[in-house]
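One structure is given below, represented as structure tokens, and several questions about it will come after.
Nothing in this text is a laboratory measurement; each read-out follows from the coordinates by a stated rule. None of these values were measured; they are calculated from a predicted model. Neighbour counts are summed over all protein chains in view; Cβ atoms, including those assigned to glycine, are modelled from backbone coordinates with ideal geometry.
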Amino acid sequence: MLDRINALLKEVEVLHAKNAEELEALRIKYLSKKGAINELMNEFRNVSADQKKEIGMKMNELKNKVQEQIKRLKEAFEAQGQSQDEVDLSRTAYPVALGTRHPLSLVREEIIQIFSRMGFTIADGPEIEDDWHVFSSMNFAEDHPARDMQDTFFIEHHPDVILRTHTSSVQSRVMEHTQPPIRVICPGRVYRNEAISYRAHCFFHQVEGLYIDKNVSFTDLKQVLLQFAKEMFGAETKIRLRPSYFPFTEPSAEMDISCDICGGTGCAFCKHTGWVEILGCGMVDPAVLEANGIDSTIYTGYAFGMGVERITNLKYKVSDLRLFSENDVLFLEQFESAH
Ligand code: PHE
């Protein structure tokens, strides 16, 4: 019996299999119920007591060896299988699926292009801000409701660390170390503590505009915005300015454009008014100029702020804001040929 075990030990030392089927056959040959090892086990009962120890140890050695070898072969096959998956040499080289640009990036880029042609440069600021740049320097009263917990994300135990709720904070960031003339646009992400739905999200994107110089008037603002609307939505587009209120502009207005969907005749999208709101704007409040180190007796300025999602919704007729942040390829692929 000892000889047979030794012979088997030699045999399993050089065990090899070409494929998974051969490996399975080996497993059955040695390890199954009717396999070689079980057969030896059955015979083991008849081994005399004085040999039991020696033969028992040899049998254990054999069993461990077989298990080890089969495991090694199995792992080798698995590794091979994986590397075959990684490099599929039979695959054709073309066509290669190209990624698509995100609709919000496309629209932000287009907005930047339009204002760049009108002489605006890009300014940037942090998304994690302090109260001064988001609110106080922008002439928000101490008790203004926008500071309320419901709108602003605060960092726990750090009342002066907030996520900016609008890109107007970048106005202040620019003014604090630049003297006029200033002509910038500030694209960026903003955060508000809103319940997420098809029409609201806890973060979205804005593009802020700021122009400060001598003799800047509301007429200048209106002309720049009209030009923007025509370039963005087509030469036929009309604009309408409605009086509004913002703490940092005086006078303030909200701008509507003639509805792109019905052409102004009235539809469900424009709630049958023929107009849709796209941005807020106004003349920079002298208090804001002063708070940021600019002499309001010499300079005047205008500012505007628009939502990139809103403009994208209009331009591409996207009706659910959540689509912008879900990374749904079927949605994103629709923008492949947009530019
Ligand atoms: N910051 C305003 C908002 O988030 C938009 C705005 C910007 C209005 C600049 C006027 C001037 O709603």
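Taking the number of other C-beta atoms within 10 Å as the exposure measure, put Val66, Val87 in order starting with the fewest.
Going from sparsest to densest Cβ surroundings: Val87, Val66.
Taking 25 Å as R0, compute the FRET efficiency from the Cβ-Cβ separation of Met57 and Leu31 and round it to 0.05.
That gives a FRET efficiency of 0.85.
For Lys214, which lysines qualify as cross-link partners when the Cα separation must be under 19 Å and same-chain residues fewer than eight apart are set aside?
The reachable lysines, counting only those whose Cα sits under 19 Å from Lys214, are Lys222.
Between the helical axis of 20-31 and the dominant principal axis of the chain, each derived from Cα atoms, what acute angle in degrees is found, rounded to the nearest 10?
Compared with the principal axis, the helix lies near 50 degrees.
Another one. For the chain, take the longest principal axis of its alpha carbons; what is the angle in degrees between that and the long axis of helix 49-86, to the nearest 10 within 0 to 90?
30
Right, here's the next one. If you scale each eigenvalue of the Cα gyration tensor by 5 and take the root, what three semi-axes come out for region 171-271, rounded to whole angstrom and sorted largest first?
They are 27, 21, 13 Å, listed from largest to smallest.
May I have the extent of the alpha carbons of the chain along their three principal axes, as whole Å values ordered from largest to smallest?
Cα spread of the chain along its principal axes, largest to smallest: 113, 49, 35 Å.
I would also like to ask the following. What lysines could a cross-link reach from Lys271, if we take a straight Cα to Cα line under 16 Å and drop same-chain neighbours fewer than 8 places away?
Counting by Cα, and skipping residues close in sequence, Lys271 has these lysines nearby: Lys317.
Wrap a convex hull around the Cα atoms of region 133-228, take a quarter of its surface area, and give that in square nanometres.
8.0
When the expected Rg is taken as 2.2 N^0.38 Å, what fraction or multiple of it is the alpha-carbon Rg of region 53-154?
Against the compact-globule rule of thumb, the ratio is 2.60.
By how many nm would the segment from Glu22 to Ala141 lengthen if fully extended, with 0.36 nm per residue of separation less the alpha-carbon distance?
Working it through step by step, the gained length comes to 34.8 nm.
By how many degrees, between 0 and 90 and to the nearest 10, does the Cα long axis of helix 218-233 differ from the longest principal axis of the chain?
It is inclined by approximately 40 degrees.
With no other cysteine's Cβ closer than 4.7 Å, which Cys residues of the chain count as lacking a disulfide-compatible partner?
Unpaired cysteines in the chain: Cys186, Cys202, Cys281.
Still on this structure, please answer the following. Could you pull out every one of the lysines with an alpha carbon less than 27 Å from that of Lys33, ignoring same-chain neighbours closer than 8 positions?
Lys33 reaches Lys10, Lys18, Lys52, Lys53, Lys58, Lys63, Lys65, Lys71, Lys74.
Would you mind calculating the gained length between Lys222 and Ala200 on full extension (0.36 nm times residue separation, minus the Cα-Cα distance), in nm to one decimal?
Contour length minus Cα-Cα distance gives 5.1 nm.
May I pose another question? Can you give the Rg to Rh ratio of region 271-321, both from alpha-carbon atoms, with Rh computed by the Kirkwood formula?
Using Cα coordinates only, the ratio equals 1.22.
Still on this structure, please answer the following. Nearest 500 deg cm²/dmol is fine: what mean residue ellipticity at 222 nm does the chain get from its DSSP H runs of n ≥ 4 alone, each adding -39,500 (n - 2.57), divided by its residue count?
-12000 deg cm²/dmol
Here is a follow-up. Translational diffusion coefficient of region 237-312 at 25 °C, 0.890 mPa s, Stokes-Einstein with Kirkwood Rh over Cα pairs, in µm²/s as a whole number.
Calculated translational D: 179 µm²/s.
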